[in-house]
1. Sorted by accessible area (1.4 Å probe), largest first, how do Arg482, Arg432 line up?
2. Students often get this wrong, so check it: of Lys125/Lys172; Lys179/Lys309; Lys76/Lys211; Lys144/Lys211, which have C-alpha atoms separated by over 23 Å?
3. For the chain, what proportion of DSSP beta bridges, expressed in % and rounded to the nearest 5, is antiparallel?
4. Using every pair of alpha-carbon atoms in the range 435-505, split the distances into 5 Å bins beginning at 0 and state the percent of pairs per bin, rounded to integers.
5. Which of the lysines could a cross-linker span from Lys295 if the Cα-Cα distance has to be under 19 Å and same-chain partners fewer than 8 positions apart are dropped?
6. If you put +1 on each Lys and Arg Cβ and -1 on each Asp and Glu Cβ, how big is the dipole of the range 230-327 around its Cα centre, in Debye rounded to 20?
7. Per residue of the range 48-58, in order, report the coupling 6.51 cos²θ - 1.76 cosθ + 1.60 (Karplus, θ = phi - 60°) as ³J(HN,Hα) in whole Hz, putting x for Gly and Pro.
8. So what does Lys302 come to for accessible area, using a 1.4 Å probe and Å² rounded to 10?
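The values are calculated or read from the model by the stated rules, or taken from the named source; none is laboratory data. If you're wondering where the values come from, they're calculated on a predicted model, not measured in any experiment. Quick reminder, even Gly has a Cβ in these numbers, built from the backbone with ideal geometry, and neighbours come from all protein chains shown. All accessible areas refer to the heavy atoms of the entire protein, side chains included, with ligands and DNA or RNA removed. Shrake-Rupley method; radii C 1.70, N 1.55, O 1.52, S 1.80 Å.
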Amino acid sequence: RQVIFFLLCVCVWQSGAESLRYSLAEEMERDSFVGNIAQDLGLAPSQLAARKARVVSEGSQQLFGLNPSSGVLTAKESLDREEICPQSETCTLFFKVFFDNPLELIRGEVEILDVNDNSPVFPEKEMVLEILETTPPGSRFPLKRARDKDVGSYGLQNYSLESNSHFSIAVKIRDDGAKYPELVLERQLDREEQPEMNVLLTATDGGLPPKSGTAQIRIVILDANDNTPTFSREVYEVRLDENSPPGQLVQRIAATDPDEGSNGRVQYTFTETSEGSQHLFDLNPDTGEIWVAGKLDFEEIKKHEMMVKATDGGGLFAHCKVLVQVVDVNDNAPEIALTSHTASIPEDAPPRTVVALFSVRDRDDGDNGRTECTIDGDLSFTLTPTFDNYYELRTNAALDRETTSEYNISIRATDWGQRRLSSVERLWVQVRDVNDNAPAFSQEVYSVWVAENNRPMVRIGSVSARDADAGSNARVQYAVVREEGEEQGALSVNTESGEVYVLRSLDYERVRALEVRVRAVDGGSPALSAQAVVRVAVRDENDNAPVVLHPGGESGAGELVPRWAPAGYLVAKVVAVDADAGQNAWLSYELAKATEPGLFRLAPHSGELRTARAVAERDAARHRLVVLVRDRGQPPRSASATLAIALLNDFSDARGRLSHETPPAEPDQTLTLYLIACLACVSALFLATGLAALLMKVRRDRRKRAEPLPTFPTVVAESDAGSLPRSLVYDVCLATGTLSSDFRFLGPFLPCFPA
């Protein structure tokens with residue numbers, strides 16, 4: 001790695017240190033030899049090809065080429081030094097030689113040598129000088145200098161003048177080194193002796209042999225001038241339309257000179273013009289015709305004043321004044337300048353409220369500058385002239401933001417010219433909202449329903465009110481209307497959204513409908529409001545089981561049926577009610593249990609219990625029927641009742657009295673199990689209570705012998721956990737003529753503790 005780095009540094013050092021310098025004379029033929037790069041670098045030509053040597057000239061044009069087989073650098077085309085490096089003392093072209101394997105860069109330069117290939121050239125082949133014959137000797141007349149594209153010693157060196165008796169040549173050098181000739185008058189001229197002279201001026205360079213260029217100087221000896229030009233008028237006044245095209249004749253002025261020849265030939269020039277007029281008019285120096293040269297604008301310059309000088313060949317001159325009055329043409333549309341503008345106004349602004357103040361100006365003159373203003377369209381605005389060209393934009397009617405929230409007002413200004421021009425200024429006026437609209441509910445009465453036994457704070461619906469105003473004036477808040485001192489009701493409404501909630505659970509059997517008034521208030525100042533009625537219907541749920549009114553009581557009721565009762569005999573009528581409504585209160589009756597199922601039938605809708613067949617002697621004397629009453633709710637609820645029926649031969653039979661003691665029923669195993677568990681719990685509780693009392697008594701006996709008897713625990717005595725209360729009370733109803741009782745009474749079971 002160190003060796004590679006050393007070699008790379010050597011290559012870079014060599015590429016920066018080596019430089020090739022060559023020179024080549026200009027105007028050499030194409031593929032001219034410049035130098036042998038391989039020889040100068042000490043490389044064999046084969047190495048150039050192996051290392052892919054190539055030449056790149058600086059600049060966009062490749063002027064040199066490299067022959068890789070010979071290593072010769074040649075010019076691709078003939079080089080012109082004056083074209084490549086104009087007016088430069090030295091002309092050097094730079095190039096780079098690139099090598100690969102290893103990478104190497106060598107700078108080179110080729111100096112283009114100047115050759116004397118250009119002769120001095122005068123800008124004009126003939127120069128004419130007009131010299132008055134009275135010109136004193138020693139006067140100098142500068143001449144146009146010759147130019148030579150070559151530089152250095154090959155450039156322009158000297159001027160010489162053809163031999164003559166009146167003039168000589170003097171060479172002057174300017175600060176930049178340029179040489180120019182001056183013609184010097186050596187002897188007084190005499191036009192009568194020689195009216196015209198021709199001399200040859202020669203310019204030579206420093207080449208070997210030198211090259212030269214010539215120019216003919218024609219000297220015209222002017223006659224002495226003793227008459228000045230005279231204008232026909234001192235002032236020329238012209239009226240000219242401002243839309244006159246360039247080239248249109250404005251005025252022809254004329255001055256006469258009685259002299260002959262050049263002394264009598266008059267030339268016209270502008271000597272003084274008003275500001276802004278110098279580029280608008282042209283003057284023909286020979287004919288005195290003044291032409292339009294630019295665009296005339298009445299609004300910029302209304303009058304142009306020019307001084308014209310007429311000069312004869314002898315140098316005598318005279319002056320006249322030309323006044324051009326520009327006539328206005330209607331070429332400017334009116335201009336609307338807005339002075340003040342109210343971007344927004346309240347909708348309750350009274351009519352004639354000022355919205356904007358503006359002025360109208362037309363730069364034209366007369367009727368072309370007279371304007372009138374109108375408003376496009378039928379809007380609630382009008383224009384009122386004030387002073388000068390100012391107008392006020394005012395409202396002419398009441399505004400309503402809810403109808404039109406903003407106005408795009410186009411003010412048109414039109415002039416009174418023959419070809420009427422107009423301009424339009426557009427103003428945006430926004431109508432600012434005022435709280436002039438109360439909220440409006442989407443409907444006057446909202447009817448919603450809720451199922452009874454609902455969860456508190458359940459959403460049952462919503463009310464909605466819209467306010468045609470905007471911003472805070474349109475922000476609506478809702479509240480339930482309550483009278484003063486009225487308590488919190490069952491309904492509430494969300495202040496922002498208007499959603500209606502039920503605050504507590506409702507019972508259809510107590511409250512079947514609710515009605516509240518909801519107020520919607522906007523955010524304006526003062527606030528506006530509206531009211532709507534919310535009616536809530538409570539939907540019944542099947543939450544009440546049927547209640548059997550007859551037979552009543554826990555033990556049911558007893559009925560007497562004669563044994564001679566035929567089929568269809570009305571035994572009893574089961575009466576039940578349901579606090580629910582609708583189909584939840586529709587009741588159906590059926591026999592759940594019967595001692596003899598085929599003897600009785602129960603009407604499913606009326607609850608009438610009748611004999612299904614005639615009573616026979618073999619039928620048992622006592623029957624127990626369990627009637628099931630079921631409603632039609634979902635899920636259905638039911639209640640049951642027990643009927644005890646006694647079959648009698650004679651209603652006076654003592655043995656046929658109706659007993660409330662029911663026939664032995666089929667045991668309910670589940671109920672029996674629950675009763676056994678309850679009795680076991682109660683017994684265990686009593687036993688634990690007794691042991692605790694006994695322990696307490698023993699402890700107290702040790703402390704104090706005289707201790708009262710322990711009392712029965714109140715908690716146990718008044719507890720509902722046991723199956724038997726402390727005392728039992730029975731109400732017994734017996735039929736008339738009852739001699740003995742079929743009931744057995746149990747006394748209260750009380751624990752007895754020893755004294």
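1. Working: Arg482 90, Arg432 110 Å².
Highest to lowest solvent-accessible surface, that is Arg432, Arg482.
2. Values: Lys125/Lys172 21 Å; Lys179/Lys309 35 Å; Lys76/Lys211 29 Å; Lys144/Lys211 19 Å.
Those over the limit are Lys179/Lys309; Lys76/Lys211.
3. Working: 147 of 184 bridges.
Among the beta bridges of the chain, antiparallel pairing accounts for roughly 80 percent.
4. 3, 15, 21, 21, 18, 12, 6, 3, 1
5. Within the straight-line cut-off, Lys295 pairs with Lys303.
6. Details: 9 positive and 17 negative charges, 25 e Å.
Once rounded to the nearest 20, the dipole reads 120 debye.
7. 4, 5, 5, 9, 6, 5, 8, 10, 10, 7, 6
8. 100 Å²
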